[in-house]
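All of the numbers you see were taken from the coordinates with simple rules; none came from a lab. Worth saying up front: this structure is predicted, and the values here are computed from it rather than measured. Reconstructed Cβ throughout: ideal geometry from the backbone, glycine too, with neighbour counts over all protein chains shown.
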Amino acid sequence: MHTANPRRGYILGLSAYICWGFIPLYFKTVSHYPAVEIIAQRVLWSAVLGSLLLLVWKHPGWWRELRDHPVRLAILVGSGSLIAANWLVYVWAINNDRLLEASLGYYINPLVNVLLGLLILGERLRRLQWLAVALAATGVLQQLWQVGSLPWVSLALALTFGFYGLIRKRAPVAALPGLVIETWLLVPLAAGWLLWHGDAVSAQPAFWSTGEALWLMAAGPITLVPLICFNAAARHLPYTTLGFLQYLAPTLVLLLAVNVYGEHLAPATLVTFIFIWAGLAVYSVDIWLNMRRRS
């Protein structure tokens, strides 16, 4: 069993979320490819790079532990499926100029994390934390009332990543080996899609002699670096705290959507953001007060 190191957890968590905040810049660059094709290449190159990292960054006995405990492998099948679904929805949203909805999804995600921590992990909430959850929930409900439909992109991103983080926090598998196994379990699906769609650009042998191929290969490190940081941070911080650190990523995505890509921020969406920002502020104040009490 490891000893929790909150300082390390905060550094790793912030690193992950800052990387994720700027990742739309990459996916906008390759947005002329279909979302499924991007995800297929993302899986393949993440698996390759992860395997190389595992050879250098030794984790003695990780394969033996998985072999002796097949339940852990089954857990990684579930977490790998969730992260693949999250990737697909996110890339589709970027390709279809719905970055604001993606940003809202990752603002909602802390609410999902808090509820999962409360209902499944037995973490207890203080009064200010309950107020933060209520404010965020009010924001989502008013969006439903004003627009008349659920923001499905936002909810899909929040739920898939919330349950992914929960599974990885509970799974007794180290961050890097777990990620490598997750991606390799997805490789047959990715390779199968490319074989089935032989007319895809990245399925042509000539494509890999062009400079454009390097952009798709870059999906490997762009994917693995923040995920490794996130999974390592999850082992050092309470899940509710980790969830509310993530406001950095959607804030950066929101700024990119409005200031760089010119997406329109509708009044109803702005009200939703305001409620969720208020919830994040209340929760941050609660964390600060609690840390002062302890010190």
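Neighbour counts of other C-beta atoms within 10 Å: give me Leu214, Leu14 arranged from fewest to most. Spell out each step's value before the answer.
Numbers: Leu214 9, Leu14 16.
Final ranking by Cβ density, sparse to dense: Leu214, Leu14.
Any chance you could tell me what percent of the C-alpha pair distances in the stretch 63-139 go past 22 Å? Display every interim value, and only then the final one.
On the way: 1419 of 2926 pairs.
Of all Cα-Cα distances in the stretch 63-139, 48 percent exceed 22 Å.
Just name one of Tyr247, Leu115, Ala74: the one whose Cα is farthest towards the positive end of the charge dipole of the chain (beta-carbon charges, Lys/Arg +1, Asp/Glu -1).
Result: Leu115, furthest along the dipole toward the positive end.
To make sure I understand, if each residue's beta carbon is the centre and we count other beta carbons within 10 Å, what order do Phe207, Phe275 fall in, fewest to most?
With the sparsest Cβ surroundings first, the list reads Phe207, Phe275.
What are the semi-axes of the equivalent ellipsoid for the stretch 158-283, taken as the square roots of 5 times the Cα gyration tensor eigenvalues, largest first, in whole Å?
Sorted largest first and rounded, they come to 32, 24, 13 Å.
Counting other beta carbons within 10 Å of each residue's own, what order do Ile120, Ile287 fall into, fewest first?
On the way: Ile120 12, Ile287 19.
Ranking Ile120, Ile287 by Cβ neighbours within 10 Å, fewest first, gives Ile120, Ile287.
Tally Lys and Arg at +1 and Asp and Glu at -1 over the other residues with C-beta under 13 Å from the C-beta of Ala218: what net charge comes out? Write out the running numbers ahead of the final one.
Values: positive: Arg42; negative: Glu212.
In short, 0.
Taking the Cα-to-Cβ direction at Trp193 and at Leu55 and moving 7 Å from each Cα, how far apart do the two end points lie in nm?
It works out to 2.7 nm between the two label points.
In whole angstrom, and with the biggest value first, how far do the Cα coordinates of the chain range along each principal axis?
57, 48, 27
Counting every Cα pair in the stretch 189-246, what percent are over 14 Å apart?
Details: 1140 of 1653 pairs.
Of all Cα-Cα distances in the stretch 189-246, 69 percent exceed 14 Å.
Among the trypsin sites (Lys or Arg not before Pro) within the stretch 1-64, which fall in a DSSP loop and have no more than 10 other Cβ atoms within 10 Å of their own Cβ? Spell out each step's value before the answer.
On the way: sites: Arg7, Arg8, Lys28, Arg42, Lys58, Arg64; in loops: Lys58.
Here the sparse-neighbourhood loop sites are Lys58.
Per residue, how big is the convex hull around the C-alpha atoms of the stretch 114-160? Give it to me in cubic angstrom, could you?
Numbers: hull volume 3.2 nm³, N = 47.
Spread over its residues, the Cα hull of the stretch 114-160 gives 69 Å³ apiece.
How charged is the neighbourhood of Trp20? Take every other residue with its Cβ under 15 Å from the Cβ of Trp20, and add Lys/Arg as +1 and Asp/Glu as -1.
Values: positive: Lys28, Arg42; negative: none.
Around Trp20, the charge tally is +2.
Show the residues, 5+ positions off or on another chain, whose built amide H is closer than 5 Å to the amide H of Glu263.
HN-HN under 5 Å from Glu263: Val258.
Take the Cα coordinates of the stretch 22-123, assign each an equal point scatterer, and use the Debye formula without solvent to give log10 I(q)/I(0) at q = 0.17, 0.25 Å⁻¹.
Treating every Cα as an identical point scatterer, log10 I(q)/I(0) equals -1.03, -1.24.
Summing -39500 (n - 2.57) over the DSSP H runs of n ≥ 4 in the chain and dividing by its residue number, what mean residue ellipticity at 222 nm do you reach, to the nearest 500 deg cm²/dmol?
So the helix-based figure for the chain works out to -26000 deg cm²/dmol.
Would you mind getting me the FRET efficiency between Leu214 and Trp63? Use the beta-carbon distance for r and R0 = 30 Å, nearest 0.05. Let's see the in-between values first.
Details: r = 31 Å, r/R0 = 1.04.
Given R0 = 30 Å and the Cβ-Cβ separation, E is 0.45.
Could you give the length gained by full extension between Arg72 and Gln146, i.e. 0.36 nm per residue of separation minus their alpha carbon distance, to one decimal place?
Extending this stretch completely gives an extra 22.3 nm.
Excluding Gly178 itself, what net charge comes from residues whose Cβ is under 13 Å from its Cβ, given Lys and Arg +1 and Asp and Glu -1?
Working: positive: Arg72, Arg168, Lys169, Arg170, Arg235; negative: Glu65, Glu182.
After counting each charged neighbour, the total is +3.
Roughly how many Å is it from the Cα centre of the stretch 1-79 to that of the stretch 115-181, as a whole number?
Rounded to whole Å, the Cα centres lie 19 Å apart.
Kyte-Doolittle mean at least -1.0 and Cα extent at least 24 Å along the axis: which DSSP H helices of the chain qualify?
Numbers: long enough: 6-29 (35 Å, 0.47); 35-56 (31 Å, 1.80); 70-95 (38 Å, 1.31); 99-119 (30 Å, 1.37); 127-147 (30 Å, 0.83); 152-170 (27 Å, 0.83); 175-196 (32 Å, 1.55); 267-294 (41 Å, 0.81).
Those that clear 24 Å and a mean of -1.0 are 6-29, 35-56, 70-95, 99-119, 127-147, 152-170, 175-196, 267-294.
Would you compute, for the Cα atoms of the stretch 1-73, the largest minus smallest coordinate along each principal axis and list the three values in descending order, in whole Å?
Projected onto the principal axes, the Cα atoms of the stretch 1-73 cover 44, 32, 25 Å.
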